Structures are given as C-alpha cells and as structure tokens.
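To start, the structure itself, in structure tokens.
The values are calculated or read from the model by the stated rules, or taken from the named source; none is laboratory data. The structure displayed is predicted, hence computed values, not measured ones. Cβ atoms come from the backbone with ideal geometry, glycine included; neighbour counts cover every protein chain shown. In case anyone asks, the SASA skips ligands and DNA or RNA and just uses the protein heavy atoms, side chains included. Shrake-Rupley method; radii C 1.70, N 1.55, O 1.52, S 1.80 Å.
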Amino acid sequence: MLPFIRTYSRTTMATHSNSSFLLHLSFIINAVYITVSQPFIGVNYGQVADNLPAPEASAELLKSTTVGKVRLYGADPAIIKALANSGIGIVIGVANGDIPSLASDPDSATRWVNANVLPHYPESNITMITVGNEIMSSGEDGLVSQLLPAMQNVQNALNSASLGGKIKVSTVHSMAVLTQSEPPSAGSFDPDLMDILQPLVAFLKNNESPFAINPYPFFAYQSDPRPETLAFCLFRPNSGRVDQISGKVYYNMFDAQVDGVQSALRRMGFEEMEIVIAETGWPSRGDKDEAGATVENARAYNGNLIAHLRSMVGTPSMPAKSVDTFIFALYDEDLKPGPPSERAFGLFKTDLTMAYDVGLHNSASTHKNPPTNPVTPERERQWCIPKMEVSEAELQRNIDYICGSQVIDCGPIQSGGACYEPNTVLSHAAFAMNLYYQNFGRNPWNCDFSQTAMLTSQNPSYSDCVYPGGSI
C-alpha cells in the first residue's frame, strides 16, 4: 500500500478559552438535503434474478432519478424499448458466448446489429456496445484472441448502418489486466496481454471509443482490512497516501485505481484515451468473512463517490473532470453465483424503494418513497458543523483531509484570515467542514466525516467570519 502522509500541518492550539464559540455551536441541530444531477452518473442493470420488476416499472424508476446512463449486460429488447424517449443513455452488451460467431463471420455481426440496435435507435438512446465482459482476464485464450476481431466486425456493421460515429464499440476489463497499480504513476498492464491489448487499444483510439474498466475499492479493502484502508476506500477523512514517484497525494482508492489505469495507458502511448468506469460499487451485506460488506459502508461508498463525481474535482492525474461512472447495481440479483456479497450490490429493492439513500432521486420527480414527515413549502439554509462530543484529534484529521486536498481554500482559518480567531481546533474544523459541505453538493454524506459532523439551520457566522451557506 502507499505510505500515509500528513499534508496539512496541525492547527496551533489557542491558549485562550473558546467557550464563546462552544456556546455559539451548542444551540445547533441537524436537518435535510438536496439532490444534484449530473449526466456522467450511470447504473448497471443486471438481470441475474427471478424477482425483478417489469422493464416498464424499472424505466419509470430510472426516470425518477438523476441517473443519466444505464448499462445492460445484454440487449433485452423490452428494457431498451421501455427506455425509449427517456433521454437516458443506454449501453448494451454482446454476451461472451456470442464472441466466436461475431469474430468469425461479419454477417453475424450485421445480424446482431440489425436485431439489437436498428429496431430501437434513435428513440432509445443507445450510446455504446460492449463486446464481452472481462474477457482479457477470463483465462479463456480462445475468447481473448477472438475479442478484437469481434469488436472490429461489430464496428463495421455499425459503419454500414451509418451509425459508426454515433454508437461506440468497446469491451470491459477487470483490474486484473494490470500487473501493477501502486503507486498509481507506476500502473502497467500485464505483459502477457500486450500482444492483444496494444492493437485493441489502438482500435479504440481510431474509433474514438473509451477504455472501460471495473475498479472495486471494496476488493482492495478485503485484501487489507485495516480501519485506515476503509476510510481511504470510502472517501472518508484520512491522512492521504503519497505516490512516491509522482509526488501526487491520493485521498481515496477510487482515484488511485483510475489513475493507475491512466498510467498504464500512457505507457502504451495512449495518454489521451478516455476512461469509462463500467462497474464500481459496494455490497450492503455478506458473509462474516467478507469484511466491510454493510449497509453503512455501501451508503458511504456510493454516496461519497457520487458527491466526488459531481464535484468535478477529478483525479490527481486527470483534474477538473469526472469520468463516466456506472454504479453496480440497480437491484440485488438473487441468482448470482458466488459469496453472498455478489447478490447484495443493489441501490434499489425490487419493490422499487431505495435500499439506502445515496441522493439519486430527482427532487422534481413524483416517483419517490412516501415521505414519513410533512413536507414544508420552503427549505431552510443549512450549515455543517462538528458534533459537540467529538475529540480534537478527530477534528484535526478532518482539517488535514479538507485543507490538504488543495481543492478547498482554507485561507480564512490561516493566520490573518477572517476566521482565524478563535485559534482553536474546534473553530477551524467547523469552518473547514462547512466549506467542504457547501462545495461538494450539500448532501447528507458531505456532512458526515466519519460521523463527527451534523447539519444545522442556524448560521454559525460570527463577527467578520462569514460561513458560506446555501439554500436547499
């Protein structure tokens, strides 16, 4: 694992009392949230289950959310039709078992496109076809060698239908195609796969198609189940990990894994290749030996990931942009083989209610879980502050995380700043935590900080120190 570092010096403790600031915070209580929509958030719609809602019901559910894209593992015509005229982008998939025929017979690829694309496009917004899933790490040498010819034939079939520039062709890889991903700047692909990968990635570049990958910080945590690793995987406050080669600092596993892929592509000569996250997620339950598979962690990972994507911060190697990301999955799939966690990745239950809230519901939609409390016509302004019982060590970690990210401007709590006094950990943490919350979406999970924070409707501003606050 990458070494931990502290990137923001510990705030100097004040010698005078901060009782007035404590009093200022003591009257504060928590409240509600908003939802922010962005087009690069997608979801995987798996069907390995016997209890799924009808496609029409699932389509209505998706339209009630801020999800902008859906990835199917096949090309179910009922689902594709149900999503017609919804504006939701659709990725359809070629099954692994269809690769041999598509590779050997161009007419087979034409028939596949004629059957699965032409009847639906453009009413159904099909944006990409993924040929196979995790073929390169499957160990099936026959399929590996046939993958690129199959992709080429599908691309040619789209070109013949005048859809070559409108629907992309790619394939999806697991992180196992990399032999090294730590540190991220040393990311490299398996040398044994390079004879196939080099022309495959060149094909993607020539057709302006993305490189699709499945990073799962959950599995990284499984191999290193320490508390500090969990915080790193869940986007929670942590001291950061430094890439000793590049000097870049990472505050979450997702960014580190994505940048590892980007480095591997750069080594191949494809630094500008677009990366798409075809799958990532966190299970809400699992066996007792599946560390971290809980509802709380699933909510934290997916909610914080969505907030991270919406922030447009990007990764250390690809700043100021967000990669298209498909969260796994829409529903639990009760027939999937493997350990219990494999059947517990769903964001929604099959009765169309949320498994847990990660802020995907569109506030303008009428398709929601029934409210448990009356809804007031106006929403209050909200601020994020520390809970009163939290230790100074925990608050200092929050300051280090926020101000060390180089995304949030912590100048107001530096010496001479408007919020420097009172010069205490509590005061500085309150300002920094609120600034983070206001800048990263104003969702409940943006004001969690490993359960050390709370929301308030009372403005914590004092004297010349103005706390940013937004209406929700």
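Per-structure values
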quantity: T452 being within 17 Å of G303 (Cβ to Cβ) and within 29 Å of the chain's Cα centre (by Cα); calculated: yes
quantity: Residue that is surrounded by the fewest Cβ atoms within 10 Å (Cβ to Cβ) [pool: residues in region 415-434 that are outside any loop (DSSP other than H, G, I, E, B) and not small (G, A, S)]; calculated: L426
quantity: Residue count for region 193-250, restricted to those that are among the hydroxyl-bearing types (S, T, Y), in a helix (DSSP H, G or I) and either crowded, with 22+ Cβ neighbours inside 10 Å or in contact with a Ser or Thr (Cβ under 7 Å, 6 or more places away or on another chain) (or both); calculated: 1
quantity: Sole exception among (1) in contact with a strand residue (DSSP E or B) (Cβ under 9 Å, 6 or more places away or on another chain); (2) of a type in the set (G, A, S); (3) assigned to a helix (DSSP H, G or I) for A298, by number; calculated: (1)
quantity: Pairs with Cβ under 7 Å, 6+ apart, first in region 331-355 and at positive phi, second not in a helix (DSSP H, G or I); calculated: L352/P53
quantity: Qualifying residue in region 128-143 (condition: surrounded by 16 or more Cβ atoms within 10 Å (Cβ to Cβ), more than 22 Å from the chain's Cα centre (by Cα) and assigned to a helix (DSSP H, G or I)); calculated: yes
quantity: Residue list for region 330-350, restricted to those being part of a loop (DSSP other than H, G, I, E, B) and farther than 25 Å from W445 by Cα; calculated: E333, D334, L335, K336, P337, G338, P339
quantity: Residue ID - farthest from P184 (Cα to Cα), chosen from residues in region 285-326 that are touching a Leu at 6+ places or on another chain (Cβ under 9 Å) and of a type in the set (S, T, N, Q); calculated: N297
quantity: Every pair of residues 6+ apart whose Cβ atoms lie under 6 Å, when the first sits in region 302-317 and is in contact (Cβ under 8 Å) with a residue 40 or more places away in the chain and among the basic types (K, R) while the second is open to solvent by 30 Å² or more (accessible area, probe 1.4 Å) and in a loop (DSSP other than H, G, I, E, B); calculated: R310/V36; R310/Q38
quantity: Some residue of region 285-297 being open to solvent by less than 20 Å² (accessible area, probe 1.4 Å) and within 16 Å of the chain's Cα centre (by Cα); calculated: yes
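This table checks each residue for (1) over 26 Å from G89 (Cα atoms); (2) open to solvent by less than 20 Å² (accessible area, probe 1.4 Å); (3) of a type in the set (A, V, I, L, M); (4) at pLDDT 90 or above.
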{"site": "L335", "(1), (2), (3), (4)": "yes, no, yes, yes"}
{"site": "S341", "(1), (2), (3), (4)": "yes, yes, no, yes"}
{"site": "K349", "(1), (2), (3), (4)": "no, no, no, yes"}
{"site": "T353", "(1), (2), (3), (4)": "no, no, no, yes"}
{"site": "V358", "(1), (2), (3), (4)": "no, yes, yes, yes"}
{"site": "T366", "(1), (2), (3), (4)": "no, no, no, no"}
{"site": "K387", "(1), (2), (3), (4)": "yes, no, no, no"}
